[in-house]
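Inspection log for the structure reproduced underneath, given as structure tokens.
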Amino acid sequence: MPNQQFGVIGLGRFGARVASGLYEAGAEVIAIDEAPERVDAIKANVTTAICADATSADVLSELEVQELDGVVVAMGRDVEASILITAQLKRMGARNIVARASSELHAQILSMVGADRVVYPEHDAGMRVVRQLTSPHVVEFITLEGPLDFAVLTIPDNFVNHTLRDLQLPTRYGITVVSIRSADGQMRLPDPDYSFGPHDTVYVVGNAESMQRLSRLMEK
């Protein structure tokens, strides 16, 4: 499977963390900011670092943003710029647009102009965004106290018609299944002989390494 490709626009503390996190997760990352010092600081931790004004449609067009797996608009404090960039990304056909908001009103506008997901750095850590972008089956991701993470995952095609006993998630991958929600909305305990359906959702707990191994398994 080819590496995923993402763009991160705005390299403040939040944007830099998302960009380097995506790169560490194995993705190809294009990082963009107008400030040369921010571009210099990140260039060793991303695939490509560009000093440019991302509010320019020409700049976004040259980056072929519509070919990327996702774009993060991380400049939440510059409200006007973030709204303009988000709208242009949507108009160009960019997929999986994640935009940082600085207020409820800002979030509403970002959603209206095309953001697929809006995050607040005060509540959504950069690594949470990384996990959601690099693992398309992740519906929700929460970092718990200590080394454990909690995630809600949609069942991939390669899990359908397999049981927990078949998959051996706890013994082979260190993942504990907390609950399963079937396609009809019924919540059930993790019966080892339950056969997964195509629209099931599974609630799991594990450490970061285990979650990464599970993500790779789900993408096979």
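The values are calculated or read from the model by the stated rules, or taken from the named source; none is laboratory data. Note that this is a predicted model, so its numbers are computed, not measured. Note that we place each Cβ from the backbone using ideal geometry, even for glycine, and neighbour counts take in every protein chain shown.
Here region 13-66 is the region considered, the condition is being among the charged types (D, E, K, R) and part of a strand (DSSP E or B), and the residue that is surrounded by the most Cβ atoms within 10 Å (Cβ to Cβ) is ASP33.
Yes or no: region 111-125 includes at least one residue that is of a type in the set (Lys, Arg) and either at pLDDT 85 or above or touching a helix residue (DSSP H, G or I) at 6+ places or on another chain (Cβ under 7 Å) (or both). Write out each step before concluding.
Within region 111-125, the first condition is being of a type in the set (Lys, Arg), and the residues that meet it are 117.
From what is left, the residues that are either at pLDDT 85 or above or touching a helix residue (DSSP H, G or I) at 6+ places or on another chain (Cβ under 7 Å) (or both) are 117.
Looking through region 111-125, at least one residue is of a type in the set (Lys, Arg) and either at pLDDT 85 or above or touching a helix residue (DSSP H, G or I) at 6+ places or on another chain (Cβ under 7 Å) (or both).
Sub-7 Å Cβ pairs linking a first residue in region 29-54 that is assigned by TED's automatic domain parsing to the domain that holds ILE85 to a second residue that is among the hydroxyl-bearing types (Ser, Thr, Tyr) and crowded, with 18+ Cβ neighbours inside 10 Å, at least 6 apart or interchain, are VAL29/TYR23; ILE42/SER20; ASN45/SER20; ASN45/TYR23; VAL46/SER20; VAL46/TYR23; THR47/TYR23, ordered by first then second residue.
What residue, among those in region 67-77 that are within 17 Å of GLY114 (Cβ to Cβ) and assigned to a loop (DSSP other than H, G, I, E, B), is modelled with the lowest pLDDT? Taking the candidates together, the pick is GLY76. Taken together, GLU34, GLU28, GLU62, GLU24 contain a single residue that is among the charged types (D, E, K, R) and more than 20 Å from ASN96 (Cα to Cα), which is GLU34. Here VAL113 fulfils each of the conditions (1) touching a residue at least 40 places away in the same chain (Cβ under 8 Å); (2) more than 13 Å from PHE6 (Cα to Cα) apart from (1).
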